[in-house]
Each structure stands twice: as structure tokens, then as C-alpha cells.
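*Asks:* Got a structure for you, questions after.
The values are calculated or read from the model by the stated rules, or taken from the named source; none is laboratory data. Everything numeric here is computed off the predicted structure, so don't read it as measured data. Heads up, the Cβs are rebuilt from the backbone with ideal geometry, glycines too, and the neighbour counts pull from every protein chain shown. Note: areas computed on protein heavy atoms with side chains; ligands, DNA, RNA excluded. Shrake-Rupley method; radii C 1.70, N 1.55, O 1.52, S 1.80 Å.
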Amino acid sequence: MGPLAGVKIVELAGIGPGPMCAMLLADLGATVLRVERKVESGLGIARPLKYNLLLRGRKQIAVDLKSKAGVDFVLSLIEEADGLIEGFRPGVTERLGLGPDECLARNPRLVYGRMTGWGQTGPLAQAAAHDLNYIAITGALAAIGRKDQPPTPPLSLVGDLGGGALYLAFGMLAAMIEARSSGKGQVVDAAISDGTAHLMTNFHGMRAAGLMSLERGTNYSDSGAPFYDVYECADGRYISIAPIEEKFFELLVEKIGLSLADLPPQNDRSQWPAMRERFAERFKQKTADEWTDLLEGTDVCFAPVLTMDEAPEHPHMKARGVYVEIDGVVQPAPAPRFSRTIPENPFAAKAATATPIDEALSGWAIAGQATDWAAKGAIG
């Protein structure tokens with residue numbers, strides 16, 4: 001099921017954006033086999049496997065990549081794969097004997113997806129870093145935060161997951177489409193810093209047009225505009241408003257019991273502090289639920305600010321089935337949606353050691369040789 005049904009991906013176990021990319025492909029129906037280490041790597045934040053949601057939807061198998069038999073086993077998988085995902089530092093897979101040259105020699109149609117922070121080349125290519133560092137160097141972090149406050153780390157959404165995982169998935173799918181006509185695979189060099197910089201394209205245009213200041217918290221979409229921000233309510237909870245367009249702004253003003261005569265012109269930046277005061281005072285007069293009853297579903301561009309626990313219970317989210325429960329854990333369902341090739345709900349991650357080898361290799365032609373590979377010490 002799903003639009004990627006029949007696509008086979010080998011994932012060399014890593015953390016962060018690599019697993020997220022593999023999850024995206026598996027969510028949409030691809031058969032993804034995660035090749036795990038035989039010994040724990042100690043990377044990432046430890047947690048019970050059922051809560052490591054990025055590992056959902058695919059089987060895992062433990063392989064000794066430091067042995068010739070283990071490398072040969074992976075190369076045998078690659079012979080029938082459409083793509084490979086690896087997230088090591090540049091040069092690591094080459095030293096293992098699983099670099100692009102070896103893999104493409106075994107399967108010329110293979111799309112070899114490489115996920116790194118800095119890319120395969122450049123002065124920082126070998127340096128360790130994390131999401132925060134990648135969004136810092138691209139100008140994204142400096143632009144996020146309130147006026148006169150330090151830059152605000154926005155979870156790992158912008159770098160690892162947005163600039164990394166999504167760009168690798170997009171690049172690999174593009175290369176797989178091309179491979180169907182050319183018969184040739186290629187390497188996809190997806191760097192988180194590259195993807196994050198690309199996400200900033202619109203803001204570079206606004207900056208060049210003189211529509212965006214480098215000072216945080218002074219622009220239209222960074223909390224500078226009083227009509228694009230969050231406000232505290234009488235009960236201490238928050239709501240969000242975002243009526244950038246004039247007609248939506250006028251509707252908001254009307255619905256909250258003010259008049260345009262009470263406020264300065266919408267786009268007079270010198271008067272934004274005064275407008276913010278009026279809005280803050282007004283929104284403090286009702287609870288978040290009262291404002292939601294009044295404004296939600298209208299064209300004022302409104303939504304309550306919900307926690308991760310509250311979001312799955314919102315009527316709109318429930319009506320669309322945005323969240324599902326898998327093995328007792330509530331989590332987002334696969335996205336986006338398809339009218340015909342509808343993906344099934346993912347299954348929970350299961351440890352490589354808890355999965356029979358023949359089950360882990362289900363769907364792969366090499367499954368019939370599992371006993372032989374196990375006898376060689378390559379897997380299991």
C-alpha cells in the first residue's frame with residue numbers, strides 16, 4: 001500500500017535526519033530495511049524502542065559491518081535495492097567497503113543517499129555538530145526570536161528535519177524517477193546546512209527588497225508585527241493571530257470589539273508597539289476557550305496555542321485523523337494524503353534482536369539465503 005509500494009531502500013543505521021528520511025519513505029509504502037550495528041552505538045537520546053518513533057514502519061537486522069561477510073551481505077541487499085541511506089561522516093562508508101563506487105558497481109541503478117550536516121566537501125565536512133550549529137551558520141537562527149532577546153532554538157525542526165530529512169527524501173525520490181528513464185543511479189549529497197540555507201530563500205528575497213530587517217522581532221513573521229503573534233489570555237493560556245491581509249485584519253478588529261479608529265494604521269511600523277498594547281490588553285479580557293469560541297473557523301487567521309498533548313484532541317485534528325495510536329503511543333499519521341494509493345498505518349519499531357531473520361528479510365530475494373549469512377556471522 002502507498003505510492004512507494006515496491007520501492008526498496010537499505011538504511012544504514014544512524015540518528016536524526018537519516019532515520020526521519022527512512023521513516024518518510026516507509027510511511028508512504030516503501031520497503032525499508034534498517035541495517036543496525038551488532039553493538040549499541042551510544043548515539044542519540046536513549047529511550048525504549050517503542051518511543052523512538054522515527055524507527056517505525058520498517059524491519060531491522062543486526063549486521064557486523066566490520067566483517068567481510070557483513071559487507072558482502074549488505075552489497076547483496078543493494079543489488080535489489082532502489083536506494084540506500086547513510087548518515088556517517090564523509091569517508092566512513094568508503095572505509096567499510098560500502099562507498100558509492102562499490103555499491104554502484106553492484107547496482108548501477110542505485111540512488112545512494114548521503115545525509116550529513118556540512119556536506120561531503122568543504123572545510124567543515126569532518127567536524128562534529130548538531131542541528132543548532134547548522135541553522136546558526138545559515139542565518140536562520142539569527143532571524144528567530146523576539147526583539148532584544150537572544151536567538152531562540154526552534155527545536156530541531158528547521159535543520160535536522162526540515163533542511164535535512166525532507167531534502168534527502170526529496171532528492172532521493174527525484175533521482176529514483178530519473179533512474180527509471182536513464183537506467184543510471186547517482187549519489188545524493190544532502191547536507192543539513194545546504195537544505196536550511198535553501199529554506200531561507202524567501203527571506204533572502206525579502207531582505208534584498210528592503211522588506212526585512214536583520215534585527216530579530218521587528219518583521220512581519222518573526223513576532224515584530226502585533227497582528228502576527230501570540231497573546232496571553234485571562235487564564236494564562238495563549239492564542240495566535242496572523243491576519244496579515246488587510247481584509248482579515250479588519251475582520252479581527254471588528255470581532256474582538258475594537259474599531260479601526262482605535263488603532264494606528266496596520267502597516268505603520270513606528271506604531272506597532274502601541275497596537276500591540278491594545279491587542280494585549282484586549283486578549284487578556286477573555287480565556288483562551290472564549291476567544292476560540294468567538295474566532296476559530298473565521299477568516300481572522302486564528303488558532304489556540306496547544307501543547308503536544310492537547311493537539312491530538314482538537315476537533316479538526318481528530319476529524320482528519322492527523323494522529324494515530326501505534327503500540328499505545330499517540331503519534332502523527334503518515335503525510336501527505338493520497339486519493340488512491342493510501343498508505344497503511346506504520347507498525348511500531350522492533351529491535352533487530354527481537355525479529356527473526358527470515359521475518360526481517362521478508363520481501364527481499366536474499367531472504368532464502370538468511371541461514372547461510374547467519375552461519376558466516378554476518379547477521380543475527
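*Asks:* Among the residues of region 292-301, is any among the acidic types (Asp, Glu), modelled with pLDDT of 95 or more, within 26 Å of Leu251 (Cβ to Cβ) and not in a helix (DSSP H, G or I)?
*Replies:* Yes, the conditions are met somewhere in region 292-301.
*Asks:* If you don't mind, another one. With the checklist (1) surrounded by 13 or more Cβ atoms within 10 Å (Cβ to Cβ); (2) without any contact (Cβ under 8 Å) to a residue 40 or more places away in the chain in hand, flag the one item Phe302 doesn't pass.
*Replies:* (2)
*Asks:* Being in a helix (DSSP H, G or I) and under 30 Å from Pro315 (Cα atoms) is the filter here; which residues of region 277-291 pass it?
*Replies:* Phe279, Ala280, Glu281, Arg282, Phe283, Ala288, Asp289, Glu290, Trp291
*Asks:* Here's something else I'd like to know. Given the conditions (1) part of a strand (DSSP E or B); (2) in contact with a Phe, Trp or Tyr (Cβ under 8 Å, 6 or more places away or on another chain), report the number of the one that Met115 does not fulfil.
*Replies:* Of (1) part of a strand (DSSP E or B); (2) in contact with a Phe, Trp or Tyr (Cβ under 8 Å, 6 or more places away or on another chain), only one is false for Met115: (2).
Results for (1) free of Cβ contacts under 8 Å to residues at least 24 places away in the same chain; (2) within 15 Å of Asp27 (Cβ to Cβ), shown as yes or no for each residue.
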position: Glu325; (1), (2): yes, no
position: Pro334; (1), (2): no, yes
position: Arg340; (1), (2): yes, no
position: Glu344; (1), (2): no, yes
position: Ala351; (1), (2): no, no
position: Pro356; (1), (2): yes, no
position: Ile366; (1), (2): no, no
position: Trp373; (1), (2): no, no
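*Asks:* Here's something else I'd like to know. So, of the residues in region 222-246 that are small (Gly, Ala, Ser) and touching a residue at least 12 places away in the same chain (Cβ under 8 Å), which turns out to be most open to solvent (accessible area, probe 1.4 Å)?
*Replies:* Ala234
*Asks:* Now for a different question. What number of residues within region 334-343 are surrounded by 12 or more Cβ atoms within 10 Å (Cβ to Cβ) and either of a type in the set (Ser, Thr, Tyr) or closer than 17 Å to Ala22 by Cβ (or both)?
*Replies:* Qualifying residue count for the region: 3.
*Asks:* Please enumerate the residues belonging to region 1-27 that are more than 16 Å from Gly363 (Cα to Cα), open to solvent by 10 Å² or more (accessible area, probe 1.4 Å) and outside any helix (DSSP H, G or I).
*Replies:* Pro3, Gly14, Ile15, Gly16
*Asks:* So in region 268-298, with the set limited to residues that are over 15 Å from Pro243 (Cα atoms) and of a type in the set (Gly, Ala, Ser), which one is most open to solvent (accessible area, probe 1.4 Å)?
*Replies:* Out of the qualifying residues, it is Ser270.
*Asks:* Residue check: is Ile85 open to solvent by less than 10 Å² (accessible area, probe 1.4 Å), touching a Lys or Arg at 6+ places or on another chain (Cβ under 8 Å) and either modelled with pLDDT of 90 or more or farther than 20 Å from Gln369 by Cβ (or both)?
*Replies:* No, not satisfied.
*Asks:* OK, next. Can you name the condition, by its number, that Val322 falls short on among (1) open to solvent by less than 30 Å² (accessible area, probe 1.4 Å); (2) under 30 Å from the mean Cα position of the chain (by Cα); (3) within 29 Å of Asn52 (Cα to Cα)?
*Replies:* It fails just one condition, (1).
Every residue, every condition in (1) small (Gly, Ala, Ser); (2) closer than 28 Å to Ala169 by Cα; (3) in contact with a Ser or Thr (Cβ under 8 Å, 6 or more places away or on another chain), yes or no:
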position	(1), (2), (3)
Asp299	no, no, no
Pro315	no, no, no
Asp358	no, yes, no
Ala375	yes, no, no
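*Asks:* With the checklist (1) over 22 Å from the mean Cα position of the chain (by Cα); (2) within 25 Å of Leu54 (Cα to Cα); (3) touching a residue at least 24 places away in the same chain (Cβ under 8 Å); (4) open to solvent by 30 Å² or more (accessible area, probe 1.4 Å) in hand, flag the one item Ala127 doesn't pass.
*Replies:* Single failed check for Ala127: (3).
*Asks:* Still on this model: Would you call Trp272 out of contact with any Leu (no Cβ under 9 Å at 6 or more places or on another chain), modelled with pLDDT of 95 or more and either farther than 14 Å from Asp229 by Cα or not in a helix (DSSP H, G or I) (or both)?
*Replies:* So Trp272 fails the test.
*Asks:* Separate question: Select, from Ala348, Ala370, the only residue that is in a loop (DSSP other than H, G, I, E, B), closer than 30 Å to Leu65 by Cβ and not aromatic (Phe, Trp, Tyr).
*Replies:* Ala348
*Asks:* Looking at the structure I just gave you, is Asp148 open to solvent by 30 Å² or more (accessible area, probe 1.4 Å), under 26 Å from Ala5 (Cα atoms) and in contact (Cβ under 8 Å) with a residue 40 or more places away in the chain?
*Replies:* no
*Asks:* Among the residues of region 28-76 satisfying the criterion of being modelled with pLDDT under 90 and small (Gly, Ala, Ser), which is surrounded by the fewest Cβ atoms within 10 Å (Cβ to Cβ)?
*Replies:* Gly42
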